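Structure first, commentary second.
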Amino acid sequence: MMDIHQILKQLPHRYPILLVDRVLELDKGKSIKALKNVTINEPFFVGHFPHRPVMPGVLMLEAMAQAAALLSFDTMGVTPDDKTVYYFAGIDGARFKRPVEPGDQLIMDVTLERAKAGIFKFKGVTRVGDQIACEAELMCTMRTIA
C-alpha cells in the first residue's frame with residue numbers, strides 16, 4: 001500500500017528514528033496496518049541490552065505514533081511540509097506484553113477513534129506473529145512551527 005519511498009515523503013523522521021518500513025493496509029479515516037522489521041543492526045541494541053537485545057517499549061509507542069501520523073495525513077489529504085510537526089499529545093494505557101528482539105517483525109494496527117479540535121485519538125496494537133507485544137491509546141496533534 002505504501003513503500004519506504006512514499007513513507008519518506010510523508011514523515012519527517014529519518015534514521016535512526018524512522019520506525020515504519022512499510023504500510024500494508026490503509027483505510028482512509030479509519031485504520032492503518034504498518035510494519036517494522038527489527039534487525040540486530042538497530043542502534044539502540046548496543047546499549048539495550050548488550051547481553052540480551054530488547055527493543056525499548058517507548059520505541060514501539062513511537063512506531064505506532066508514526067503509523068498514526070501516516071493515517072492522519074491520509075485522512076486529511078495533506079502532505080506535511082517543513083513548517084508542520086506532528087506531536088504526541090498523550091499516551092494512555094500503555095502495556096508491554098512481550099519482549100521484541102532482533103529478527104522480529106512488528107505489525108502495528110492503529111485505529112482512529114476520534115478527531116476533534118485538532119487532537120487525534122488512536123488505539124494501537126503491535127504484534128509479533130499472533131502475540132501482542134504492545135498496546136496503547138495514543139493522542140497526537142499537528143502544529144505549525146515558525
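Rule-based calculations on the coordinates, nothing more; no lab input. Predicted model, so just to flag it, every value in this text is computed and none were measured. In this analysis, Cβ positions are derived from the backbone assuming ideal geometry, glycine residues included, and neighbour counts consider all displayed protein chains.
Just to confirm my numbers, what's the Cα centroid distance between the stretch 1-50 and the stretch 64-104 in Å? Centre-to-centre distance over Cα atoms comes out at 9 Å. Partner lysines whose Cα lies under 19 Å from the Cα of residue 116, excluding those fewer than 8 positions away in the same chain, are identified as 28, 30. For the chain, the longest principal axis of the alpha carbon atoms and the long axis of helix 57-76 meet at an angle near 30°. Highest GNM mean-square fluctuation among 131, 66, 105, for the chain modelled with Cα contacts below 10 Å: 131. Relative to the Cα centre, the charge distribution of the chain, modelled as +1 at Lys and Arg Cβ and -1 at Asp and Glu Cβ, gives a dipole magnitude of about 260 debye.
Comparing 123, 30, 83 in a Gaussian network model of the chain (Cα springs below 10 Å), the most mobile by mean-square fluctuation is 83.
Compute the Cα gyration tensor for the stretch 26-146, then decide on rounded, prolate or oblate, letting a ≥ b ≥ c be the square roots of its eigenvalues: rounded whenever a/c is under 1.5, prolate when a/b is larger than b/c in the other cases, and oblate in all that remain. In terms of gyration-tensor shape, prolate.
Taking the chain as a Gaussian network of alpha-carbon nodes connected by springs under 10 Å, the highest mean-square fluctuation of the residues 95, 127, 14 belongs to 14. Evaluated at q = 0.28, 0.31, 0.33 Å⁻¹, a Debye calculation over the C-alpha positions of the stretch 1-41 (equal weights, vacuum) places log10 I(q)/I(0) at -1.06, -1.16, -1.21.
Extension gain for residue 24 to residue 144 (0.36 nm times residue separation, less C-alpha to C-alpha distance): 40.3 nm. Among the listed pairs 9/97; 97/123; 9/36; 83/123, which have their C-alpha atoms separated by more than 24 angstrom in this model? Among 9/97; 97/123; 9/36; 83/123, the Cα-Cα distance tops 24 Å for 9/97; 83/123.
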